[in-house]
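Read through the structure below, which is laid out as structure tokens, and then see the notes.
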Amino acid sequence: MATESLLDELPAILTKLTEKQWAIWSSTLSAPLSEKTLTNDANVIQDSLAVMWQAAASPQAGISAWLRWTQKVVPHALSLLSEPDPSLTRHRAWLKYLQGFHTLNHEAITEMVADLDGLEEQRKNRFLFYCNQWMEAFSPSNNLMTNPELLAYTLENLGGNLFKGFDNLLNDISCSSGELSISMTDPHAFEVGKNLATSPGTVVLRNEVMELIQYAPATTRVYKRPMLLVPPWINKFYILDLTEKMSLVKWLVDQGYTVFLISWINPDGSQTSGSFTDYMKLGTLAALDAIEAITGEKKPHAAGYCTGGTLLATSLAWLAAGGEEHRVSSATFMATLIDFTEPGDLGIFIDPEQVEALTTETREMGYLDGKKLARTFNMLRPNDLIWSYVVKNYLKGEDPIPFDILYWNSDSANIPGNMYSWYLKNTYLENQLATPCGVTLEGRPIDMGSIKTPCYFLATEEDHIVLWQGAYKSARLMGGPVRFVLAESGHVAGVVNPPHKNKYGHRTSGLLPDTPDSWHQTATRRKESWWLDWVKWLKPKSGKKVPGRSPDDAPTAFGPAPGTYVKRRLEPKKRCRENCSCQKSAGEFPMIKPGH
């Protein structure tokens, strides 16, 4: 009881004892900060000082946060010391003890920042993001001296794992031109065109921004209406044609569809066509024209994934503004944002200063370096995509294992500077695509409500890039019938979910109420892949069966699938080290040198 009474009185005691010290700290910090006015929001150091300043101005808030931490730590420590878990080994018990303190520290920092007044929400979230990076870096399980299992492993191997890990580190630095790019998978295990992106087909159109691939039929008769796939322009397309058993392309072909797919160029700064309008006209619209010329079909299906879906929606609204709203039979949007009021984790990085800085940088190079964007995405899941590989590769000295999705994730693509600046400004920053006639392209106002085409929206429950609630709001912008489906898992695994794996289910509802939560309450869970629901929805809109269409019959051909654009890699073409045998050293692929 005495301890509880002391804890109750502690805030008042501490306030009296430290009021003068807090006042001195506050006045010391406030003078220089008021002169700087924290103009550079992108600078995490200034954001950190801002938090300190706010804490100094509010001693009670700081003491309360410290007290909450103390009240959590004491019971936690006592319970671990007095009631050890007999099921745990000595190493795991010690690690659990350290990890528990680490978690409490993380919670205390989060609560302290969340309780601060006067700090803009975005800056508060950004500071929490960097706090999370810091906490993950110092997690006991991610460091040799605080992970007893790693220490024991090192002793058993007489330190050989550290020597091997250091060699792995040197290889990663050398193979990245001096920048550390952590290997997540065995780079020798995969090659685009050999065991990735192997669906047979032909490049039937090539221009400054894309190659259009037509895939060979797998059935003697196919549906009358073809399918156009529009992948993200921030990644390589072969996430949709990964391996034979993980290929959406092959699965659609097997269902009897004539599939066309856009492969975006990996720009090097020499391209003259790189605006959002260029990607619309030379990308989606040029593909629709080519499909009509090759098959005679004026109304194919079209499906866009992630930023490819945003581009597809904009293209359809542009067509509708010109009286061409019936150019597609149906439109599918997979993990796509059009309404950016809930932008996901990426929203914390985007403000006017950041966009201006990116615009300046990309204006000089002509493009955004894909490696920078890849690092940003990895930081959104630091333990899964950074520190787990630091432990495995550098501390344990293990070689990365083959993993097709991680190989694709590491195969970054550059983004045209004009395209990216326009996109950030009009989506994340100003949300103009969600505003009727918020933007005008080539003299036509863009209004999503003018899209009367039947639409299928697919979101995923654990997506941290495209929140499913944001995708739902996007679906409600359309002016025609909409089916919204929520799949399990995340941005990639939830979309690329072959039915034969029977891994992730989905939720469906025949209603589209005002709010995402209302929709979720009416939805029914189904255990099979959303792919089956999708083709069931597509079938009545696909027309009768016609003889299979061979890409050999196309009027032009530019070589076999997967084409040449997808094989352009970012690393400079040079030998990394004398004993390095990576694909870059072998010179098997065309390379893009930074700044060229």
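Brief remarks follow.
- Segment 240-378 - Rg and Dmax from Cα coordinates, angstrom: 17.2, 49
- Anchor Lys194: aspartates and glutamates whose Cα lies under 14 Å away (excluding residues fewer than 8 positions away in-chain): Asp241, Glu244, Asp404, Glu588
- For the residue pairs Lys299/Lys544; Lys224/Lys503; Lys452/Lys536; Lys372/Lys425; Lys503/Lys545; Lys298/Lys541, the C-alpha atoms sit more than 24 angstrom apart in Lys224/Lys503; Lys503/Lys545.
- Ordered from highest to lowest accessible area with the whole protein assembly present and a 1.4 Å probe, His491, His188 read as His188, His491.
- Scaled radius of gyration (Cα, divided by 2.2 N^0.38 Å) that segment 261-329 gives: 1.13
- Rounded to 5, percent antiparallel among DSSP beta bridges of segment 377-495: 25
- With DNA, RNA and ligands ignored, accessible area of Thr435 (1.4 Å probe; Å², nearest 10): 60
- Put Asp115, Asp411, Asp268 in order of accessible area, highest first, and with a 1.4 Å probe you get Asp115, Asp268, Asp411.
- With all protein chains modelled, accessible area of Glu156 [1.4 Å, Å²]: 140
- Per residue, the average separation of C-alpha pairs within less than 8 Å and at least 6 apart gives segment 117-264 a relative contact order of 18 percent.
- Dimensions of segment 274-314 from C-alpha coordinates, computed as largest minus smallest value along each principal axis and given longest first, are 28, 19, 11 Å.
- Ligands, DNA and RNA left out, the 1.4 Å accessible surface of segment 346-475 is 53% carbon and sulfur atoms.
- Calculated SAXS-style log₁₀ I(q)/I(0) at q = 0.16, 0.19, 0.24, 0.26 Å⁻¹ - segment 368-434, Debye, Cα scatterers: -0.71, -0.86, -1.09, -1.16
- Solvent-accessible area per residue, Å², over segment 179-243 with all protein chains present [probe radius 1.4 Å]: 31
- Distance distribution P(r), segment 125-242, all Cα-Cα pairs, bin width 5 angstrom from 0: 2, 7, 9, 12, 13, 12, 10, 9, 8, 7, 6, 3, 1, 0 percent.
- Accessible area per residue for segment 315-400 is 38 Å², calculated with a 1.4 Å probe on protein heavy atoms, without ligands, DNA or RNA.
The values are calculated or read from the model by the stated rules, or taken from the named source; none is laboratory data. All values reported here derive from a predicted model rather than from experimental measurement. Keep in mind that these areas ignore ligands, DNA and RNA; they rest on the heavy atoms of the full protein, side chains included. Shrake-Rupley method; radii C 1.70, N 1.55, O 1.52, S 1.80 Å.
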